[in-house]
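Remarks on the structure that follows.
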């Protein structure tokens, strides 16, 4: 079960990050909320607290249409996601 969650996260996280970045760039509040919310849920399943918090901030800023702040929050989210991805790749469980 954990291996499946990890594999799914490794597959989906990069495209979700790209979608969030595009939504921030195009000032798409709904897209920001939706994609950041999905990433936040995935982070919760992996107990990735830093990523969970960063995604929650981006989600809230999208809901509030605070696009300038979302740009800075996106950078933090991207850094947190990179750390989680790197850690999971190092500890990948064979399926």
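All of the numbers you see were taken from the coordinates with simple rules; none came from a lab. All values derive from a computational prediction rather than experimental measurement. Ideal geometry is used to build each Cβ from the backbone, glycine not excepted, and the neighbour counts take in all protein chains shown.
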**Study point:** Selected residue (criterion: nearest to the chain's Cα centre (by Cα)) from residues of the range 24-39 that are buried (at least 19 other Cβ atoms within 10 Å of the Cβ) and under 21 Å from residue 85 (Cα atoms)
**Key:** 39
Study note, to complete from the structure: Of the residues in the range 43-61, those that are over 24 Å from residue 11 (Cα atoms) and touching a helix residue (DSSP H, G or I) at 6+ places or on another chain (Cβ under 6 Å) come to 61
Review point. Only one of (1) buried (at least 17 other Cβ atoms within 10 Å of the Cβ); (2) within 23 Å of residue 6 (Cβ to Cβ) fails for residue 45. Which number is that?
Key: (1)
